[in-house]
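Right, one structure below, let's go through it.
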Amino acid sequence: MTTPGFRFCPQCATALAQIEQVEDSGAKTRLRCPACGWTHWNNPTPVLSAVIECADRGGQLLLARNAAWTQRMFALITGFMEAGETPEQGITREVAEETALAVRELSLIGVYDFQRMNQVIIAYHALAEGEIRLSPELAEYKLFEPAAVRCWPAGTGYALADWLRSRGHEPQFIDLARKT
């Protein structure tokens, strides 16, 4: 099995192969170049996310639907951290870019493993305000009372659940198999 995007060595153009090699932690099979030894480490990508609490809308939570999604699922605002910025700067930028909201306060909720997408999610609670104007990346948004929002059993859904618990709400999860 090859990793999407990597079929040939970027140094010598030889076809890559799954090759076992002894590393610091023991034998590991990774995509490697049999000619020059280049290794594709396939490290997880850091992704930033925010549980956005709208300070000027009675503390309602903003969830949005990505324009590329075919189903009407609403989720947290997310984005990739850019070179040269801290995670806090990155999520503040993402919230502003995707919703036009200004972040007043920011606090870390936690860090979450999302292996299906080979990502590490750094989740924040963002207290924000302003007029909501969505970027073209997002199709629509909904505002939810914290007690009424439903979590999803993956990635950022666990961050939302942890934030809800920290506020005294027992999270309810969507059954993705039944879509309820």
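Just so you know, all these numbers are worked out from the coordinates, no wet-lab data involved. It should be emphasised that the depicted structure is a prediction, and the values quoted were computed from it without experimental measurement. No Cβ is skipped: glycine too gets one built from the backbone with ideal geometry, and neighbour counts run over all protein chains shown.
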- With a Förster radius of 35 Å, plug the Cβ-Cβ distance of A147 and E82 into 1/(1 + (r/R0)^6) and report the FRET value to the nearest 0.05. 0.50
- Taking only C-alpha pairs under 8 Å that are 6+ residues apart, what is the relative contact order of the chain in percent? 19 percent
- Task: Determine the sum of side-chain charges near A17: Lys and Arg each +1, Asp and Glu each -1, restricted to other residues whose C-beta is under 11 angstrom from that of A17.
- Result: +2
- Query: So how far apart, in nm, are the two label points at R133 and N43 if each is 7 Å from Cα heading toward Cβ?
  - Reply: 3.7 nm
- Task: For F8 and A154, calculate 0.36 nm times their separation in residues minus their Cα-Cα distance, and state this gained length in nm to one decimal.
- Result: 49.3 nm
- Calculate, in nm to one decimal, what V22 and L176 gain on full extension: separation in residues at 0.36 nm each, minus their alpha carbon distance. 51.4 nm
- Note on the structure: The whole-number value in µm²/s of the Stokes-Einstein translational diffusion coefficient for the stretch 1-122, with Rh from the Kirkwood sum over alpha carbon pairs at 25 °C and 0.890 mPa s, is 141 µm²/s
- Item | At R0 = 30 Å, FRET efficiency that the Cβ-Cβ distance of A68 and R30 yields, to 0.05 | 0.50
- Note on the structure: Total charge of the residues flanking L134 in space, meaning their Cβ is under 13 Å from its Cβ, with Lys and Arg +1 and Asp and Glu -1, is -3
- Query: the stretch 30-106 to the stretch 110-145: how many Å between their Cα centroids?
  - Reply: 6 Å
- Query: What FRET efficiency, computed as 1/(1 + (r/R0)^6) with R0 = 30 Å and r the Cβ-Cβ distance, is obtained for R116 and R167, rounded to the nearest 0.05?
  - Reply: 0.65
